[in-house]
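Student: Here you go, one structure.
The values are calculated or read from the model by the stated rules, or taken from the named source; none is laboratory data. Bear in mind the structure is a predicted one, so any value in this text is a computation, not a measurement. Cβ coordinates were reconstructed from backbone atoms using ideal geometry, including for glycine residues, and neighbour counts include every protein chain displayed.
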Amino acid sequence: MLTAENWKEYELIDSGDGMKLERWGPPAGGFVLARPDPQALWPKERPEVWNAAVGVYTRSATGGGSWKFKKKLPERWMVSYQTVRDGVSHSLNFLVRPTDFKHTGLFPEQAVNWEWLQENIRSAKREISVLNLFAYTGAATVACAVAGAKVTHVDASKGIVTWAKENLEASKLGAPSAKQAVGAPSSQSNVRWIVDDVFKFVEREAKRGVKYDGIIMDPPSYGRGTKGETWKIEKMLWPLVKECVSVLSEKPLFFLINSYTAGLSATVVGNLLESAMRGKGGMVYAEELGLRSSATGRILPAGVCARWSPKSS
């Protein structure tokens, strides 16, 4: 189990009864939210602390759900994660907000992967190009850009890509202007923003002969592309992973797959990645991701990942 232990501005306080209680922001200025989590099947261990929640998301019997707030919250606010570059601390800054789908725009358990990505990029001591697929609000994009990589950020949602640009700007890595075209790199951060169907984009990059030193993907269970293309992870993950191998450089640095799909274990994702990278050498490491409760130390599972690198991960 890989657990994110270095957070200061995020805290999993408690979990249980199908819910999790989290602080988003610094201890003195963050907001405590309670959200459903299908993994938290045990009873709450500290029921007395749950009154601290200023926002609670409740699922509807007919599907979906809604938030109820004890007080008016900001439309969005900042959550920072500290990383180190060349011996100097740098903040990865992310704008979060409670969305209609219970999410906040950030998956804090991914901090262990941000650190792994940065370590690989910095240790390479050369220019590194990264392809981030299903890149969402860009946490991994920001982490890689902070480490000095050039990043191509791909997501099918224009609004989500805009959110990712704002996260990059918040991390002081290039303020995208209103005139910056989609597909153009930010002059200060070397990030290229792409709104497109992920599979079609990778196919075009392969035909163009474009190569990347590192690939990151966080595929959803189900989704649609920019023109209504259907994505089903059980049918399309392997073809996509296999296609991605064709855009890897001669000396690839890493390949990271994350998954939150129920039923896809770390072993399944690891086997997929190992099959795709057969003949490339290196090693695949597959593991669960988790968050540790500050109240009890109990770990809440939070998805899985598989990592390939040419050296031991």
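Student: If you check every pair at least six apart or on different chains, which have Cβ atoms under 7 Å apart with a residue in region 284-313 that is farther than 20 Å from Glu119 by Cβ first and a residue that is among the basic types (Lys, Arg) second?
Tutor: As it stands, the answer is Ala295/Arg46; Thr296/Arg46; Ile299/Arg292; Leu300/Lys20, since those pairs meet every condition given.
Student: Within region 71-90, how many residues turn out to be at pLDDT 90 or above, assigned to a strand (DSSP E or B) and not β-branched (Val, Ile, Thr)?
Tutor: Matching residues across region 71-90 total 5.
Student: Would you confirm, using the coordinates I've provided, whether Asn93 is assigned by TED's automatic domain parsing to the domain that holds Trp116, touching a residue at least 24 places away in the same chain (Cβ under 8 Å) and not hydroxyl-bearing (Ser, Thr, Tyr)?
Tutor: yes
Student: Can you pull out the residues in region 59-70 that are modelled with pLDDT under 95 and either more than 24 Å from the chain's Cα centre (by Cα) or not small (Gly, Ala, Ser) (or both)?
Tutor: Arg59, Ser60, Ala61, Thr62, Gly63
Student: Any idea how many residues of region 233-249 are within 16 Å of Arg208 (Cα to Cα) and either within 20 Å of the chain's Cα centre (by Cα) or exposed (fewer than 13 other Cβ atoms within 10 Å of the Cβ) (or both)?
Tutor: Here the count works out to 1.
Student: For region 195-228, what are the residues that are touching a residue at least 60 places away in the same chain (Cβ under 8 Å) and part of a loop (DSSP other than H, G, I, E, B)?
Tutor: Within region 195-228, Lys211, Asp213, Asp218, Pro219, Pro220, Gly225, Thr226 qualify.
Student: With (1) surrounded by fewer than 18 Cβ atoms within 10 Å (Cβ to Cβ); (2) at pLDDT 95 or above; (3) not hydrophobic (A, V, I, L, M, F, W, C) as the list, and Gly105 as the residue in question, which single condition is left unmet?
Tutor: The number of the failed condition is (1).
Student: Which numbered condition trips up Lys125, out of (1) out of contact with any Lys or Arg (no Cβ under 7 Å at 6 or more places or on another chain); (2) modelled with pLDDT of 95 or more?
Tutor: (2)
Student: Would you mention how many residues in region 255-275 are more than 14 Å from Ile216 (Cβ to Cβ) and in a helix (DSSP H, G or I)?
Tutor: Summing the residues that are more than 14 Å from Ile216 (Cβ to Cβ) and in a helix (DSSP H, G or I) in region 255-275 gives 8.
For (1) surrounded by fewer than 16 Cβ atoms within 10 Å (Cβ to Cβ); (2) closer than 20 Å to Pro252 by Cβ; (3) in the same structural domain as Trp42 (by TED's automatic domain parsing), each residue gets a yes or a no:
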{"residue": "Asn271", "(1), (2), (3)": "yes, yes, no"}
{"residue": "Arg278", "(1), (2), (3)": "yes, yes, no"}
{"residue": "Ala286", "(1), (2), (3)": "no, yes, no"}
{"residue": "Leu289", "(1), (2), (3)": "no, no, no"}
{"residue": "Arg292", "(1), (2), (3)": "no, no, no"}
{"residue": "Ile299", "(1), (2), (3)": "no, no, no"}
{"residue": "Val304", "(1), (2), (3)": "no, no, no"}
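Student: What tally of residues in region 267-286 results from selecting those that are under 17 Å from the mean Cα position of the chain (by Cα) and more than 25 Å from Asp197 (Cα to Cα)?
Tutor: 1
Student: Mind counting the residues in region 253-305 that are closer than 25 Å to Leu41 by Cα and out of contact with any Asp or Glu (no Cβ under 6 Å at 6 or more places or on another chain)?
Tutor: Selection size over region 253-305: 21.
Student: I would also like to ask the following. Between Met1, Met19, which is surrounded by fewer than 17 Cβ atoms within 10 Å (Cβ to Cβ) and more than 23 Å from Tyr136 (Cα to Cα)?
Tutor: Of the residues listed, the single one that is surrounded by fewer than 17 Cβ atoms within 10 Å (Cβ to Cβ) and more than 23 Å from Tyr136 (Cα to Cα) is Met1.
Student: A further question follows. Could you tell me which residue of region 250-266 is farthest from the chain's Cα centre (by Cα), considering only residues that are exposed (fewer than 12 other Cβ atoms within 10 Å of the Cβ) and without any contact (Cβ under 8 Å) to a residue 60 or more places away in the chain?
Tutor: Glu250
Student: For region 139-159, name all the residues that are in a loop (DSSP other than H, G, I, E, B), out of contact with any strand residue (DSSP E or B) (no Cβ under 6 Å at 6 or more places or on another chain) and either closer than 21 Å to Val79 by Cα or hydrophobic (A, V, I, L, M, F, W, C) (or both).
Tutor: Within region 139-159, Ala147, Ala156 meet the criteria.
Student: Take Asn51 and tell me if it is surrounded by 17 or more Cβ atoms within 10 Å (Cβ to Cβ) and either of a type in the set (S, T, N, Q) or within 30 Å of Ala306 (Cα to Cα) (or both).
Tutor: no
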